[in-house]
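Worksheet: the structure to be examined is printed underneath.
The values are calculated or read from the model by the stated rules, or taken from the named source; none is laboratory data. Everything quoted here is computed from the prediction, not taken from an experiment. Side chains are part of the model used for accessible areas, which takes the heavy atoms of the whole protein and leaves out ligands, DNA and RNA. Shrake-Rupley method; radii C 1.70, N 1.55, O 1.52, S 1.80 Å.
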Amino acid sequence: MSEDKNLQGLALWISMGLSRKGIGAEEFAQNHLPPSSRRSFYNWAAGRNAPQKAAHPILEQALGWKPGAVHRILTDGFVTEQDVFQGDEDKAAKRASELSDEELLSEMTRRMLFYRDKAEVADASVIKIDATLHEGKPESKSADKQNHGTVTALGTRRKAPQYLAARTEIPSDSSLDDSDE
């Protein structure tokens, strides 16, 4: 790939990066780059010249690109968004690495409580479904024992392969009924 095409490719990727951020080149340069890199940035964005290697990390970090993305754009003929832009998991890991221990523990606690509450709602739903399945049935120990052997948590019968193939249920007194194990 020729150097001019590489420079134009970098200019296109810079344009795409600015578009993703929703800002123009001037605003980006003012807010995200050190003063010494701003004039050079306009040349990079126009496809006039390539950044020196020392400027690659500055540009990559400012645009939210993966480390090494500038080098790859300038040297590779085929580059995808996955090669250039950081994924959401990369961004989340970066944000997490910037948090204090107290902030991390606080966030973990918040998430654990959220999922505990979700689990309690799910458990309540299972209890409600189970109650609905057993509604109107006599509540005796023998009925519970019989149901335990033939009904799973969702109320489906266990079947051995040969009964499943024949589409017949296993008799509760059969040696194939292994649900009490």
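Per-structure values
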read-out: Length gained when the stretch Thr75-Lys53 is fully extended (0.36 nm per residue, less Cα-Cα span); value: 6.7 nm
read-out: Pairs of alpha carbons in the stretch 1-115 whose separation is greater than 24 Å (percent); value: 34 percent
read-out: Accessible area, probe 1.4 Å, largest first, for residues His32, His134; value: His32, His134
read-out: Tensor-based shape of the stretch 56-98 (alpha-carbon gyration tensor, a/c under 1.5 rounded, otherwise prolate or oblate); value: oblate
read-out: Extension gain (nm, one decimal) between Leu99 and Ala124, 0.36 nm per residue minus Cα-Cα; value: 5.4 nm
